[in-house]
1. Please note which helices (runs of 4 or more DSSP H) are completely contained in the stretch 83-190 and include at least 2 residues that are under 26 Å from L204 (Cβ atoms).
2. Which one of these is touching a residue at least 12 places away in the same chain (Cβ under 8 Å), in contact with a Pro (Cβ under 9 Å, 6 or more places away or on another chain) and either charged (D, E, K, R) or farther than 28 Å from I28 by Cα (or both): R174, R119, R189, R164?
3. Pick out the one residue from A135, A95 that is loosely packed, with under 15 Cβ neighbours inside 10 Å, hydrophobic (A, V, I, L, M, F, W, C) and either under 30 Å from E191 (Cβ atoms) or modelled with pLDDT of 95 or more (or both).
4. Does I37 count as within 14 Å of the chain's Cα centre (by Cα), at pLDDT below 90, β-branched (V, I, T) and more than 23 Å from T103 (Cβ to Cβ)?
Amino acid sequence: MSGQTSRPPRQMPLGLPHRAALGRADFIVGRANHEAIEIIDRWPAWPERGVLLVGPAGAGKSHLTAIWKEASGAAGIAASKLDDGDVEPLAAGGAIIVGDLHTGPIDEAALFHLVNAAREAGSALLLTSRLGPIALRLKLPDLLSRLRAMHRVELGEPDDALLRQVLTKLFADRQLVVEPAVIDFIIVRMERSLEAANVIVDQLDADALAETRAITKHLAREVVERLAHRQADLWSEE
């Protein structure tokens, strides 16, 4: 006998991805997003020039657009995919989502025409971006003017209270029992975004299952540090 303590065999997770719940009842409201959900809930009494949601990655733009799409029946398109051939059918649909203006390059003329056509047709328009209109460095002054005239809503980074609610719900959705102290431990060490919360919970769930371990501070530290190193490696490659 070697005297070494053997670790429990690592089980292979089933690989069934947890689908984020994107309904209105699943949206957790905090100071960073209350203005955004208020404008979504105000539908169909919307600003005639449309709404521009601006916020960092993981701030909740995808969830908000999913809620509005469910309520309005909106057709959606990525800004980078939009061209002139899309303008008329989209404008005629009554409600339109154009996502991720920041990912460019975009057909600025087509977006300009869509904004005008939507207003003429009385169709509601929702645009999303990580950057505000000026930071997008648009070349078409008329498009910049249209975007600046829209009802702009800023999404901020989530505070501790919102992150705590989100983490608690994500664990509960997976039927995972996690002590409040572990959640507090994660909050002070994680990247401050809702996207990061989802990634951390996914990884903790996978590791706890694979190694038949409880989700403790020790496991949380391993996961948070591993994800931080992975992100640092990605930055070093850019």
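1. 160-173, 180-187
2. R164
3. On inspection, the qualifying residue turns out to be A135.
4. Considered against the rule, which asks whether it is within 14 Å of the chain's Cα centre (by Cα), at pLDDT below 90, β-branched (V, I, T) and more than 23 Å from T103 (Cβ to Cβ), I37 comes out as no.
The values are calculated or read from the model by the stated rules, or taken from the named source; none is laboratory data. Bear in mind the structure is a predicted one, so any value in this text is a computation, not a measurement. Counting neighbours? That spans all protein chains shown, and the Cβs are built from the backbone with ideal geometry, glycine included.
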